[in-house]
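The values are calculated or read from the model by the stated rules, or taken from the named source; none is laboratory data. Predicted model, so just to flag it, every value in this text is computed and none were measured. Here the Cβ positions follow ideal geometry from the backbone for every residue, glycine too, while neighbour counts run over all protein chains shown.
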Amino acid sequence: MGTLAAFAADLANRPEPALRKLLLLRPDALNPPVPTFVALAARLSTASCISRALDALNAPALQHLGTGPWNAQTSPNSSLMPELYARGLLLLQTDNQTDDAGTGHYMHAPYVLPLALVPNPQMPSSTLPPEPVVRAVTEAVCKNAAGSAADALLRSVDTLADLAAHTPLQALRSGQFAARTVRLVAQNLETDELHTHFLLDLCATAGLLTFQTSTRDWRWAAPWWSELERQEQWVGLIRSWLSSPATAGEPALTSRARLLSVVAGRPAWAPVAVTSSATTSVSPSGITSAGALSLNSVVESYLWNHPRTATAEVAALPELLTHLEWLGLTGAGACSCAGDAAARNDWLQAASAVAQLLPAAIDRFVIQGDLTAIAPGPLLPHIAAQLRCVSVVEGRGPAGIFRFSELSLTAAMGAGMSAETILNFLKRYSSTTVPPSLEFLIAEAARAQRTLAPTPTQCLFAPQQPAPPHWVGDAPWPGSGVVLLEEVEAQLALLRAAGKNTAGKNEAGQGEVGPALVLEGVRRAVACGLKIRVHAVNNVGVTEHVTAVPVSFSGGLLLTRLADTGAPRRFSIHRIQSVDVLEGEELRG
Amino acid sequence: MADGPLIVQGDKTILLEVAHPDAHEARHAIASFAELERAPEHMHSYRITPLGLWNARAAGHDAEHVVDALLRFSRYPVPHPLLLDIAETMARYGRLRLEKDPVHGLVLRSDDEMILAEVSHTKKVAALLGSRIDPLTAVVHGSARGELKALLLKAGWPAEDLAGYVDGTAHLIALTDGTAPGQWTLRPYQRRAVENFWAGGSGVVVLPCGAGKTIVGAAAMAASGTTVLILVTNTVSARQWKAELLKRTSLTESEIGEYSGAVKEVRPVTIATYQVLTTRRNGIYPHLELLNDHDWGLLVYDEVHLLPAPIFRMSADLQARRRLGLTATLVREDGREGEVFALIGPKRFDAPWKEIEAQGYIAPADCVEVRVDLSRPEHLAYATADDGERYRLAATSPAKTVVAQALVAAHPGEQILVMGTYLDQLDELAERLDAPLIKGNTKVAERERLFEDFRQGLISVLVVSKVANFSLDLPEASVAIQVSGSFGSRQEEAQRLGRLMRPKKDGRTARFYTLVARNTVDAEFAAKRQRFLAEQGYAYRIIDAADIR
């Protein structure tokens, strides 16, 4: 039996809870769904899928994988083997020959695994996690820092939304934000350019800003943004940030998500799942009492937990730690409650935790004799928009300060509001009486407006909006590594319906199984010196059937010598439909 | 989330909800490090500045105290970068210290070699330093104490001045207060102001006009028990100080000297005018020596927001003497608040006007802006005038004269001040109102007589130029009509209102009218001028001139 068939048989024999766990740990199998166990085995055996699975392993697990085959009962690291087996990284050998010794089941790795296990000189040799150096951070300080950061983040995005909704952000031909744009945004946000870059990238990643190729600018693409609850806005930003790679070519579980798991002190390879309707039961107290890891500790822990990817990513960790702080995932360096929930992909819990820290939206403001309106918290979006229409925003913080002037009122009237509309609006939403000075100012502005007699234009209110997305507890963010239990159940039902067909005969040349069987056959033939019959499509689309002796297989090219003439013949692997290994016809000489 | 009275903004401002049950406690908690910036009726706003934080450090508060106060009273999470910034800023104060070394005299000492190296690297600082005693200590030229402090403050490393003060010549001064009927007592805020000042050594006390700054000065003098030099804005003010000191202290006529244009007396307590000290002859200031040629134990700077540059310079050389600055409006239109901090001292006490009013120590005031329409010919002249002329044309509109007459008529039996800047306008007003006029060239004796007649009620309307902006005590004045001002000067506006702030015998509300020409630069300047008072919680009513009966 070939390895793929053996793997398929192994999978088919696993009990349902084990399969469920496998699918949670290896979500590649779910998207798109696979129809049979053979297809599942083929999917899980692809190099990229195995590579992703290995990325999630820590140093002892990787070290262990490099030393097989193993006896499940006598291996020195036998505690690791069930977990590796559960992930489909080890196969159980159940045929009679290997079991004759009576020493229990032997394990071996799928054939691609050794190729993926490139020696890593920086792999930590210790099987124990490094001892962290922790700076004490009180829960109050952590909460305060994380809460203020989350609030500032959302306010900055609101400001950016307001700016970009009216002024497209100029970009370079490549789509990068132009330096002048970054400066302009930085001025509006009253922050530095580094932070501005971060916010622009974040909004672009979340799809709030989209690049217009025709005009070469970025535009606000989320008119529904202000309709979302603030905690939902936060969750949306965090999920998109965690699931997008910090550098090009990162695997699905990004370095950002891995770093968060390290800072949160969560096991890197714990299965994660959420349902769209229920939360997992986790202590709401979080782990803030754990304190803040020193940078060195973060790096060491990261190397130990993710040795395969860490080498390339270590340089970016200090910057990513800053980003965690800006996002409110950490507070004063310690993982916040919301950050901890995010590390567990528990977005309902994350939303709930951050909601406790964010100022609640309010629908009232006070108007003062110095011609300012103060909203002692974030105003409901429609009230804030209307207030911005008649005043000028001052200051930066949780409270909104709006200053009225003759100019601002005249501008509002020019935009179509009447003195009566303005007064009615102020009287409706102000918790204090409108001071006479402001009433007089409105009358003066109306008088000036009548003198100028402008053509009324449409007021800059929020435009009609499409429906907003649902970010909390709904479908997983692409690439976030989050799996919905519903998806897992659907996949299991599909496999059950297909039955335990593990031969793969009917699927040769179809779907993902065909290429996997081709690869397996070619590799086995090359390794064992077996003749093969190749069924390949030539460059004019005609299928050829060639018997050949494989010489080598690399770079997607199979080099053979034709069996009858000995002439060399190369096949591109993508042209091969199927391969029959001619058993017993070993290459002689 | 706590439901505190404070909202801490990321831009280093703090909003205080006045009606909140914990507002009073929160105000106290932040007063030591945050500067009250605006005090309108519902939400007061404070600003956290390096100067404010260093003021707090100078008063013995550390960063933990500040952070605790913010976290305790804040309604929402406090921006963490702000907390870090506070800690870093406060840590800068005192890293450099001015000390008295028994061998080398005045020295600048640091606990960090790099900081001393950094500040010594600048040419201006290097010129004031002598040899290095060791890597952490440098000798300072004795006369450079003030200048060095000012430079270090600018460099962001404010030095803690631990070099002490000279004792000054001892001279017993006692307050005449007491609890017996008929006796006066020091008000609680005055007592706290003096205590804060004395504990800090030198510094500024900010109190509203009419809240008794002179008494704070007298109490500080009593605490000092030394000879005192008091610097005031003009001769009338000098004489008011003298009268007040005679009334509130054990000092006698013979112990108080006046050093003004008219008289040059140097006594244990000498009151000198800024004007005479800054009189320049042949390129030198002959009277400035008064500051340093006598062994004063205490220097009092009245209206410290007006302190002229030569006095600043001279004050740099007076760092060994205790200094008390008094003002109602620590708003320097020239932005020299930093020099006040470095050369006079940190702010030791500040009380919002409305808080003092609520306690009944100053009169409530109703501020009214009266909008006046220019006539068509006036408007034409205004529209075609040069920019430089426009304000004068708008501010001196004859239409205002008519309105001022109507306002005077509307307040029969009240003591009315008509205030302005342009003398032609004031001359005309005085004639139309049949009222005496006090301006720059009015003799001091004549001024005093007119003011006294006004106090006695013999004159009910007095027209005054800006000579009456400051330090004028007219308790029964209850109406002021401001017809023109010095462009957008906030402190002039506040000081003019201040003339009405003495509590009235019948508890009457003072009326402060400002006449503003509609649709002109006069209205723009008026808005700027009103900012300080509006920020202190004085809401301006705006009415139309046509509505005045």
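Brief remarks on what is shown
- For the range B:416-428, the condition of being outside the structural domain of residue B:326 (by the TED database), assigned to a loop (DSSP other than H, G, I, E, B) and more than 30 Å from the chain's Cα centre (by Cα) holds for none of the residues.
- Top-ranked residue in the range B:514-527 [being of a type outside the set (A, V, I, L, M, F, W, C) and crowded, with 24+ Cβ neighbours inside 10 Å; ranked as nearest to the other protein chains (Cβ to nearest Cβ)]: B:514
- Pairs where the first residue, in the range A:162-190, is under 21 Å from residue A:222 (Cα atoms) and the second is crowded, with 17+ Cβ neighbours inside 10 Å and of a type in the set (D, E, K, R), C-beta under 6 Å, 6+ apart: A:168/A:217; A:169/A:217; A:170/A:217; A:171/A:217
- Any chance residue A:239 is within 14 Å of chain B (Cβ to nearest Cβ) and either within 27 Å of residue A:337 (Cα to Cα) or among the acidic types (Asp, Glu) (or both): no
Let's see how each residue does on (1) over 12 Å from residue B:369 (Cβ atoms); (2) without any contact (Cβ under 8 Å) to a residue 12 or more places away in the chain; (3) touching a Pro at 6+ places or on another chain (Cβ under 9 Å); (4) of a type in the set (Asp, Glu):
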| position | (1), (2), (3), (4) |
| --- | --- |
| B:461 | yes, no, yes, no |
| B:484 | yes, no, no, no |
| B:490 | yes, no, no, no |
| B:501 | yes, no, yes, no |
| B:506 | yes, yes, no, yes |
| B:538 | no, no, yes, no |
| B:541 | no, no, yes, no |
| B:548 | yes, no, no, no |
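- Enumeration of residues in the range B:79-98 that are of a type in the set (Gly, Ala, Ser) and closer than 22 Å to residue B:163 by Cβ: B:91, B:94
- Among the residues of the range B:28-61, just one is of a type in the set (Lys, Arg) and either assigned by the TED database to the domain that holds residue B:529 or surrounded by 23 or more Cβ atoms within 10 Å (Cβ to Cβ) (or both), namely B:57.
- Among the candidates A:226, A:126, the residue that is among the hydroxyl-bearing types (Ser, Thr, Tyr), touching a residue at least 60 places away in the same chain (Cβ under 8 Å), more than 14 Å from every other protein chain (Cβ to nearest Cβ) and assigned to a helix (DSSP H, G or I) is uniquely A:226.
- Scanning the range A:376-419 for residues that are of a type in the set (D, E, K, R), within 12 Å of chain B (Cβ to nearest Cβ) and in contact with a strand residue (DSSP E or B) (Cβ under 8 Å, 6 or more places away or on another chain) returns A:394, A:403.
- When the test is whether a residue is at pLDDT below 90, more than 30 Å from residue A:385 (Cβ to Cβ) and buried (at least 20 other Cβ atoms within 10 Å of the Cβ), residue A:264 passes it.
- Meeting the requirement of 1 or more residues that are farther than 27 Å from residue A:5 by Cβ and free of Cβ contacts under 8 Å to residues at least 40 places away in the same chain, the strands (runs of 3 or more DSSP E) wholly within the range A:524-577 are A:557-562, A:568-572.
- Answer from B:138, B:127 - the residue that is away from chain A (no Cβ under 13 Å), assigned to a helix (DSSP H, G or I) and farther than 28 Å from residue B:207 by Cα: B:127
- When residues of the range A:342-365 are limited to those that are more than 27 Å from residue B:8 (Cα to Cα) and in contact with a Leu (Cβ under 8 Å, 6 or more places away or on another chain), the one surrounded by the fewest Cβ atoms within 10 Å (Cβ to Cβ): A:343
- Checking B:548, B:481 one by one, the residue that is over 22 Å from the mean Cα position of the chain (by Cα), surrounded by 23 or more Cβ atoms within 10 Å (Cβ to Cβ) and more than 14 Å from every other protein chain (Cβ to nearest Cβ) is B:481 and no other.
- Among (1) small (Gly, Ala, Ser); (2) touching a residue at least 40 places away in the same chain (Cβ under 8 Å); (3) part of a helix (DSSP H, G or I) - the single one residue B:164 does not satisfy: (3)
- Lone unmet requirement of (1) within 20 Å of residue B:408 (Cα to Cα); (2) surrounded by fewer than 17 Cβ atoms within 10 Å (Cβ to Cβ) for residue B:507: (1)
- Residue within the range B:384-407 that is closer than 21 Å to residue B:498 by Cβ and either basic (Lys, Arg) or surrounded by fewer than 18 Cβ atoms within 10 Å (Cβ to Cβ) (or both) present: no
- Flag if residue A:342 is in contact with a helix residue (DSSP H, G or I) (Cβ under 9 Å, 6 or more places away or on another chain), of a type outside the set (S, T, N, Q) and at pLDDT 90 or above: yes
- A single member of B:211, B:199 is assigned by the TED database to the domain that holds residue B:300, modelled with pLDDT under 90 and either of a type in the set (Lys, Arg) or assigned to a loop (DSSP other than H, G, I, E, B) (or both), and it is B:211.
- Looking across B:236, B:266, one residue alone is surrounded by fewer than 21 Cβ atoms within 10 Å (Cβ to Cβ) and either under 16 Å from residue B:174 (Cα atoms) or in contact (Cβ under 8 Å) with a residue 12 or more places away in the chain (or both). It is B:266.
- Residue count for the range B:308-329, restricted to those that are part of a loop (DSSP other than H, G, I, E, B) and in contact with a Gly (Cβ under 9 Å, 6 or more places away or on another chain): 7
- Verdict on residue A:368 being closer than 27 Å to residue A:439 by Cα, more than 13 Å from every other protein chain (Cβ to nearest Cβ) and not aliphatic (A, V, I, L, M): no
- Here the helices (runs of 4 or more DSSP H) wholly within the range B:1-87 that include at least 2 residues being modelled with pLDDT under 90 and either within 10 Å of another protein chain (Cβ to nearest Cβ) or in contact with a helix residue (DSSP H, G or I) (Cβ under 7 Å, 6 or more places away or on another chain) (or both) are B:23-31, B:50-58.
- Test: residue A:395 is closer than 23 Å to residue A:190 by Cα and buried (at least 16 other Cβ atoms within 10 Å of the Cβ): yes
- Residue within the range B:89-106 that is within 14 Å of chain A (Cβ to nearest Cβ) and within 21 Å of residue A:148 (Cβ to Cβ) present: no
- Here residue A:339 does not fit the description of being crowded, with 22+ Cβ neighbours inside 10 Å and not in a helix (DSSP H, G or I).
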